[in-house]
Amino acid sequence: MANYPLPKFHFRVEWGGSKIGFTEVTGLNIENEMIEYRDGSSPEYHKIKMPGLQKYGNVTLKRGMFNSDNEFFQWLNTVSLSKIERRDITISLLNENHEPVYIWRLKNAWPTKVTAPDLKSDANEVAVETIEMAHEGLVIEAV
């Protein structure tokens, strides 16, 4: 039997709101910042490079809009100075039996931006809204 890479179109997002389907998830990345250092007495005439702090990109979720559904904006409106409702988000890549194969867990996520869809009178597409979230950690698990 052939061994194929996993398709990326079958996934589930648990975001602390109602159970809805998302059309797109982007920004699942981790970056190690680089520190350059050179000791003044080093015989080498260049800096050494070593790993510094980890940096996480913002995660963006997109979904179709539904009548009387305002959950993205309600979550965004929980912002009050330095206080906001933080949620742990779980994103799972699923196999053909709807079982998780890879899991991305976002720690203490909160919305930084909610974008309404573009409105065009001659368009023939679904209205898609977007939420961008900051978070404090990303753990990746292969099941």
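The values are calculated or read from the model by the stated rules, or taken from the named source; none is laboratory data. The model shown is predicted, which means the values in this text are computed figures rather than measured ones. Note that we place each Cβ from the backbone using ideal geometry, even for glycine, and neighbour counts take in every protein chain shown. These accessible areas exclude ligands, DNA and RNA; they are computed on the full protein's heavy atoms, side chains included. Shrake-Rupley method; radii C 1.70, N 1.55, O 1.52, S 1.80 Å.
When only the heavy atoms of the protein chains count and the probe is 1.4 Å, how do Met34, Met133, Met50 rank by accessible area, highest first? Could the numbers behind the result be given before it?
Numbers: Met34 115, Met133 0, Met50 75 Å².
Correct descending sequence by accessible area is Met34, Met50, Met133.
Hey, in the GNM for the chain with a 10 angstrom Cα cutoff, which one of Ile103, Ile131, Ile48 fluctuates hardest?
It is Ile48.
Accessible area per residue for the chain in Å², computed with a 1.4 Å probe and the full protein assembly in place, what is it? Spell out each step's value before the answer.
Numbers: 10400 Å² over 143 residues.
Spelled out: the 1.4 Å probe surface of the chain, per residue, equals 73 Å².
Could you give the nm distance between label points at Glu14 and Asn58, where each point is 7 Å from its Cα heading toward the beta carbon?
2.6
Leaving ligands, DNA and RNA out of it, work out the accessible area of Phe72 with a 1.4 Å probe and give it in Å² to the nearest 10.
0
Would you work out the relative contact order for the chain, in percent, from Cα pairs under 8 angstrom that are 6 or more residues apart?
Working: 252 pairs, mean separation 37.1, N = 143.
Relative contact order here is 26 percent.
Could you please state how large a percent of the accessible area of the range 44-143 is carbon and sulfur, counting protein chains only and using a 1.4 Å probe?
50
If the elastic network links every pair of Cα atoms under 10 Å, which of Val101, Val59, Val114 fluctuates the most in the Gaussian network model of the chain?
Val101
Could you derive backbone 3J(HN,Hα) for the range 115-122 from the dihedral phi with the Karplus parameters 6.51, -1.76 and 1.60 (θ = phi - 60°), listing whole Hz in sequence and x where the residue is Gly or Pro?
Rounded to whole hertz, the list is 10, 6, x, 6, 10, 9, 6, 10.
Classify the range 1-45 from the C-alpha gyration tensor, please: rounded if a/c falls under 1.5, else prolate or oblate depending on whether a/b exceeds b/c. Numbers along the way, then the final one.
Values: a/c = 6.28, a/b = 2.19, b/c = 2.87.
Here the range 1-45 falls in the oblate category.
How large is the direction-averaged shadow of the alpha-carbon convex hull of the range 50-97, in nm²? It would help to have the intermediate numbers written out before the result.
Details: hull surface 28.2 nm².
With the hull built on Cα positions only, its mean projection is 7.1 nm².
Rounded to the nearest 0.05, what FRET efficiency is calculated for Ile48 and Lys107 with R0 set to 35 Å and r the Cβ-Cβ distance?
With R0 = 35 Å, the Cβ-Cβ based efficiency is 0.65.
Largest first and to the nearest Å, give the Cα extent of the range 1-109 along each principal axis.
67, 56, 18
Please say if the range 53-143 is rounded, prolate or oblate, where rounded means a/c under 1.5 for a ≥ b ≥ c the square roots of the C-alpha gyration tensor eigenvalues, and otherwise the choice is prolate for a/b larger than b/c and oblate otherwise?
Values: a/c = 2.20, a/b = 1.21, b/c = 1.82.
Verdict is oblate for the range 53-143.
Specify the residue with the greatest mean-square fluctuation among Asn124, Asn29, Asn70, computed from a Gaussian network of the chain linking alpha-carbon atoms under 10 Å apart.
For the chain, modelled as a Gaussian network with Cα springs under 10 Å, the answer is Asn124.
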